[in-house]
Amino acid sequence: MESKDQEVISLCQEFIRQQSYSGHENHMAQVLAQYMKTNGFDSVYTDKYGNVIGSIKGNRPGPKLLFDGHMDTVPVSDTSEWTYPPFAAEIHDGNIYGRGTSDMKGALSAMAVGAKRFAQITGKDFAGEIFIAGVVHEECFEGVAAREISTYVQPDYVVIGEASQLNLKIGQRGRAEIIVETFGTSCHSANPEKGLNAVYQMAHVIEAIQTLIPPHHDILGNGILELTDIISSPYPGASVVPDYCRVTYDRRLLVGETKESVLQPLQELLQNMMKQDVSLKVQVSYSQGSEQCYTGNEIKAERFFPGWLYDTQEAFIQAAYQELRRDGFTPQITQYNFCTNGSHYAGEAHIKTLGLGPSRENLAHTVNEYISIEQLTKAVSCYTALMKALLK
């Protein structure tokens, strides 16, 4: 193995060995910060949420280029299901195995090594500044912790490192969690006529919502509205008619959709239903999330993460594409099928954003997650190509 490749392999392995579930990224953050401090980064900063942001300044003024890679992973539910231990970072048949290899510690290690390598190759004779951000709580809140990063960095360009098989991603559907609640009247289930069953009320609401036609985008597809859970209260309801019911809908967001425009058809539907049935009490809202950071601070937000999409002929997209081709890569220009921190950078802050990462999208969150060493090492070169393309 060439020594230049061994650096990113070893760093990726060290990241994998740090279990870093959302809210517990502290050990991973320490490893990343230490790598930056000992490898020529000009500054290393940890913000109130625990995001780690390192920078390398060029000798000439120019744009700020931010590489975004989240440090948190989804949990491992049962280690016995794994062929290789999920936090051992073992190498077998040209792959590194472990939780977070593809989602997305491989990309983050390639970003950090790529920034160091670009600084060495150029002698820092480039325009602008490179930022590498190790982000917390992405698995819970796509783009929420990223708000703190963009406030600190104020980037001109952002590269999301989510898995893309080294293809360029120029958009994604966003995501919202929508809560629908019905309110009834509790009573003994032996005399149900004396109450109002909130679950029966919800059944009518669910049926009506299924008649709504989701919006469509020619590139991103449908703005899917899918029921994901239902709960009632009291639970368990031993001999009690439930007086409350709540369902959660997953709504995939298209470009240009706002909080108001997404809720409007639901609000109109429910208002009409309540006019027709005065006993129906129903409301709709966005889910509110709150999580504890490893720094002790709380991160919270409404679960509405916008979609975004750029034209393939956008100047910065073409600059990236052409530079990758000059370096021997043959990327396709496509879109992510899932939500990323791009929901903030591109969808909320309107910062020029693209995605490129090693490995396959469908390996994320899986048992026996892995990343191929070939993809990992090539990612370093891809990221340096993006630095050349955008720091001018």
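Details
- Filtered residues of the range 77-93 (kept if closer than 22 Å to G161 by Cβ and either out of contact with any Lys or Arg (no Cβ under 9 Å at 6 or more places or on another chain) or open to solvent by less than 20 Å² (accessible area, probe 1.4 Å) (or both)): P86, A89, I91
- Matching entry among F41, F15 (being open to solvent by less than 70 Å² (accessible area, probe 1.4 Å) and part of a loop (DSSP other than H, G, I, E, B)): F41
Listed here are the residues, each with its yes/no results for (1) in contact with a strand residue (DSSP E or B) (Cβ under 7 Å, 6 or more places away or on another chain); (2) under 24 Å from L363 (Cβ atoms).
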| residue | (1), (2) |
| --- | --- |
| L11 | no, yes |
| Y21 | yes, yes |
| Q30 | no, no |
| D42 | yes, no |
| Y45 | yes, no |
| G54 | yes, no |
| L66 | yes, no |
| M71 | yes, yes |
| D78 | no, yes |
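One line per residue, one yes/no per condition, for (1) crowded, with 20+ Cβ neighbours inside 10 Å; (2) among the small types (G, A, S):
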{"position": "R147", "(1), (2)": "no, no"}
{"position": "Q154", "(1), (2)": "no, no"}
{"position": "A176", "(1), (2)": "yes, yes"}
{"position": "I179", "(1), (2)": "no, no"}
{"position": "T182", "(1), (2)": "yes, no"}
{"position": "G195", "(1), (2)": "no, yes"}
{"position": "Q210", "(1), (2)": "no, no"}
{"position": "P215", "(1), (2)": "no, no"}
{"position": "I224", "(1), (2)": "no, no"}
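- Candidates T312, T295 - the one that is of a type in the set (S, T, Y), surrounded by fewer than 19 Cβ atoms within 10 Å (Cβ to Cβ) and more than 30 Å from A379 (Cα to Cα): T295
- Residues that are under 26 Å from N341 (Cα atoms), out of contact with any Phe, Trp or Tyr (no Cβ under 6 Å at 6 or more places or on another chain) and at pLDDT 95 or above number at least 3 in the following strands (runs of 3 or more DSSP E) confined to the range 48-127: 60-70.
- The one condition in (1) in contact with a helix residue (DSSP H, G or I) (Cβ under 8 Å, 6 or more places away or on another chain); (2) assigned to a helix (DSSP H, G or I); (3) open to solvent by less than 10 Å² (accessible area, probe 1.4 Å); (4) not polar (S, T, N, Q) that V159 fails to fulfil: (2)
- The one condition in (1) in contact with a Gly (Cβ under 8 Å, 6 or more places away or on another chain); (2) farther than 23 Å from S381 by Cα that R99 fails to fulfil: (1)
- Within the range 320-335, the set of residues being within 22 Å of G347 (Cβ to Cβ) and touching a helix residue (DSSP H, G or I) at 6+ places or on another chain (Cβ under 8 Å) comprises A320, I333.
The values are calculated or read from the model by the stated rules, or taken from the named source; none is laboratory data. Everything numeric here is computed off the predicted structure, so don't read it as measured data. Counting neighbours? That spans all protein chains shown, and the Cβs are built from the backbone with ideal geometry, glycine included. Accessible surface is based on the protein model in full, side chains and every heavy atom, while ligands, DNA and RNA are left aside. Shrake-Rupley method; radii C 1.70, N 1.55, O 1.52, S 1.80 Å.
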